[in-house]
Amino acid sequence: MRIDYKLEDKFDLGIVIPVFILFLIGLAAIYSSTLNNPHASGNFEKQIIWGIGSFILFFIIYSIPTNTFKTVAVPTYLFSIVLLVVVLVMGKRISGAKSWLGLEGLGFQPSELAKLGTILMLAAFLSRKQTDIDSFKDIIITLLIGLLPVGLIMLEPDLGTSFVFLGLILAMMFWKGISLFGLFVVLSPALVAISSLFGTYYFVGALIVVFISLVLFKKDIFFSGSIFALNLGAGFFTKYVFKLLSIHQQTRIRSFINPSADPLGAGYNAIQAKVAIGSGGFWGKGFLAGSQTQLQFIPEQWTDFIYCVIGEEFGFIGTIITLALFLYLFKRILNLAATAKDEFLSLTLIGILSVYFIHLLINIGMVVGIMPVIGIPLPFVSYGGSSLVANFLMLGIAVNIYRTRKNYT
């Protein structure tokens, strides 16, 4: 008997086609932004080579047995931690961060592999039992798994990548079913810490909100007092952590709080990016016709600020199409996660989705001036081999889960 399989039964074109289009958009933007820049000569060709290699890895990951991902969760996590330690000892310093390992003339960021390792490890731990994450012990262990790579990455220091890890930890805990109070315990210290960067009044205001919230939750006074003390310590500890950051990261954060304070220094990129994306208008100035891009007003625009190339040369239409492709990709992955009955696979998909979403949020936020400039590439679009490979590895896992969805959904 002849069995006729349709392509869409085994291969989710709704995930792959948007990514392929995004990759092509990225190639066009990289070509435009590096065309007249001798320092970026060859970057366009390198991105094509990285893209071909990433597609090959994507199909390899797509083809392996789905249960392999759970088997390799612990080894992948531990190996990524080892690499994060190695990079602190013998890594190459680029743009103020010691986050690169040199391999036969090629640069590789261990933090990219650590994203995947952490996702798999958290998914394996959180899915070990079917109940929601309610116990304080489970919350602490989950945070320790996620914060270990964060601590090592902060030592590089790489503030932007650390934010990605924090976001995926929260997303996976939320998907597992953490209680509202548990989510409050995890989130409140971070919110208090961020508020403290804006000044004393914001810090005090955040503490008042925390105090009122604790009263409304009606927990015992000792436990509530401990949580309040944790938040208080987070606010004071932030100043200490801020001093540990490199000078260029400190100035970037200060320029986010007040961009006009140093318009020709730390705030320069953010200001010029807004000029570029705003000058594109509705239809854009045309391919290779963006003045900000072709006159190189923004340094290394093919990496973190590639979205403003799209905005300047392809206009509002180009930026909206790019966003629509991302949102459709996110919707497909979220639907797949929601229908997966295997909790490990569902949590893995949410971890992958959160990495893509946080990168998109921060990268575009940097360009339009609502986020600090912390060096986050746009997935599948920005120039960079390590990021491209990691993103396609995660995409391969998502499409692999789709391929075997009838076995696990």
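One table, with the values for the structure above:
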read-out: Among P377, T348, I227 the positive-end extreme of the charge dipole of the chain (Cβ point charges); value: I227
read-out: Of I271, F23, Y328, farthest towards positive along the dipole that unit charges on Lys, Arg, Asp, Glu beta carbons give segment 7-408; value: Y328
read-out: Given 10 as the ceiling on other Cβ atoms within 10 Å, longest exposed-site-free region of the chain for chymotrypsin sites (Phe, Trp or Tyr not before Pro) in DSSP loops; value: 6-281
read-out: Cα principal axis extents for segment 7-408, largest first, Å; value: 64, 56, 44
read-out: Helical contribution to [θ] at 222 nm, DSSP H n ≥ 4, -39,500 (n - 2.57), averaged over the chain, rounded to 500; value: -24000 deg cm²/dmol
read-out: Full-extension gain in nm, I17 to L143, via 0.36 nm per residue minus C-alpha separation; value: 41.9 nm
read-out: Listed residue pairs exceeding 20 Å between alpha carbons, taken from K137/K341; K10/K176; K137/K176; K10/K115; value: K137/K341; K10/K176; K10/K115
read-out: Relative contact order (percent, whole number), segment 7-408, Cα cutoff 8 Å, 6+ residue spacing; value: 26
read-out: Among L122, I153, S33 the positive-end extreme of the charge dipole of segment 7-408 (Cβ point charges); value: L122
read-out: Only Lys, Arg (+1) and Asp, Glu (-1) charged, at Cβ; segment 7-408 dipole about Cα centre in debye; value: 560
read-out: Under-5 Å amide H pairs with G107, H placed in peptide plane, nonlocal only; value: none
read-out: Point-to-point label distance, N67-F136, nm (Cα→Cβ direction, 7 Å offset); value: 3.9
read-out: The chain: DSSP helices with Cα axial extent of at least 20 Å and average Kyte-Doolittle hydropathy no lower than 1.0; value: 13-34, 43-63, 73-90, 110-126, 136-154, 159-176, 180-197, 200-217, 221-244, 306-339, 343-368, 385-403
read-out: Where the Cα pairs of segment 130-193 fall when distances are cut into 5 Å bins, in %; value: 4, 17, 27, 26, 16, 7, 3, 0
read-out: Loop-located trypsin sites (Lys or Arg not before Pro) in segment 327-409 whose Cβ has at most 16 other Cβ within 10 Å (DSSP); value: K341
read-out: Label-point gap, in nm, between T339 and V82 - each point 7 angstrom along Cα→Cβ; value: 3.9
read-out: For H359, H39, order by how many other beta-carbon atoms lie within 10 Å, fewest first; value: H39, H359
read-out: Cα gyration tensor, segment 331-404 - rounded (a/c under 1.5), prolate or oblate; value: prolate
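Here, each number is a calculation from the coordinates, and none is a lab measurement. Being a predicted model, the structure only gives us computed values, none of them experimental. Reconstructed Cβ throughout: ideal geometry from the backbone, glycine too, with neighbour counts over all protein chains shown.
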